[in-house]
Amino acid sequence: MADVVDLRSDTVTKPTTAMRRAMAEAEVGDDDYGEDPTVRALEETFAARVGKPAALFVASGVMANQIAVRVLTVPGTAVIAGRRQHVVAYEYGAAAMNAGVGFIALDDEDGMLRADDVQWARRAAAHHQPSVSLVSIENTHMAASGVPWSMTRLRALVDAAGPVPIHMDGARLFNAEVATGVPAAEWASVATTVMCCLSKGLCAPVGSLLAGSDDVVAEARLARKRLGGGMRQAGVLAAPGLLALHDMVERLHEDHARAARLAGAVALRWPDCGLDPASVRTNIVTFTHAEPEKVLAHLEGYGVLAHAIAPETVRLVTHRDVDDAGVARAITALEDAP
């Protein structure tokens, strides 16, 4: 369908003209030998941006999460995480296969974990329950309408975790930075590892980054190789990633404003859908509906694509390729949706 307003995900963004040019002109080498200068520049830039000594360029956010879990845990132990976090619900059980761990899936209805729940899960190890080797958090939390963490809540969680390492799934970390004014490095300062996707709201065509200490990233590089993620002349992918970090962060507030408009329309159409428009601070709107398929088909009739992320849960995501006119069309479609 031509002229579609695609709200399924911010992964559908197309690379900019400048990114395409950078790909064509990128200086490259064999990254598996550590010889691609553009990849090294991207890793160093991201590491500096999140305040970590080192970073690793990987193919996807799932790979970054899985490498972090693999490196920071011990088989037979458990990872504390929210039950709706991406690493729990949307990675096809990969952690069990790749790292031999299970999850203690806590309530995360508001997108955050409660410190007392984390403490309880750690104490439960004294009662024949799995010991905890990692706490994973998601910032922003996709399923909770892209809510960023509260720094107060985050510091309380760090205290509750004690010596247990923390992994931050920051697929949309820079959305959190823009929405809250808290720099990415400050968010990442509490985490052993932090990952971020370049291929969502930042518009790069491929890739994510995982950052941490020198030792952790060295182990992560080996884990990437074991997972088949070693790359060769990857500078052609890293070059648009550099532009994503340099040029695409500040404009994210535009996506946030458009998502807020959509949230208002959703709440007006379905007052009992569980969505508080004030909670939508970044670029994601999620709400409940008994028959998502009917909503999606209705929207598609207007040339608007959306997505269901769970039974009875619809998601709308704004991004650079959705402008004000596209949001207006989506709002019109929502007004008489079933």
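The values are calculated or read from the model by the stated rules, or taken from the named source; none is laboratory data. Quick caveat: nothing in here was measured; it's all calculated off a predicted structure. As a convention, Cβ positions derive from the backbone with ideal geometry for all residues, glycine included, and neighbour counts pool all protein chains shown. To get the accessible areas, we keep the full protein, side chains included, count just its heavy atoms, and leave off ligands, DNA and RNA. Shrake-Rupley method; radii C 1.70, N 1.55, O 1.52, S 1.80 Å.
A few comments on the model shown:
- Helices (runs of 4 or more DSSP H) (entirely within region 121-222) containing at least 2 residues that are modelled with pLDDT under 95, touching a Gly at 6+ places or on another chain (Cβ under 6 Å) and closer than 23 Å to Ala89 by Cα: none
- Total residues in region 148-181, condition among the β-branched types (Val, Ile, Thr), under 20 Å from Val118 (Cα atoms) and under 16 Å from the mean Cα position of the chain (by Cα): 1
- The criterion of at least 2 residues that are in contact (Cβ under 8 Å) with a residue 60 or more places away in the chain, closer than 21 Å to Lys225 by Cβ and not aliphatic (A, V, I, L, M) is met, among helices (runs of 4 or more DSSP H) falling completely within region 6-87, by 37-49, 61-72.
- Note on region 73-100: residues that are under 18 Å from Gly212 (Cβ atoms), open to solvent by 10 Å² or more (accessible area, probe 1.4 Å) and among the β-branched types (Val, Ile, Thr) amount to 2.
- Total residues in region 54-72 satisfying the condition of being surrounded by fewer than 22 Cβ atoms within 10 Å (Cβ to Cβ) and touching a strand residue (DSSP E or B) at 6+ places or on another chain (Cβ under 8 Å): the figure is 3.
- Positions within region 50-75 being polar (S, T, N, Q) and farther than 23 Å from Asn175 by Cα, in sequence order: Thr73
- Residues that are open to solvent by 50 Å² or more (accessible area, probe 1.4 Å) and closer than 20 Å to Val69 by Cα, drawn from region 120-133: Arg122, Gln129, Pro130, Ser131
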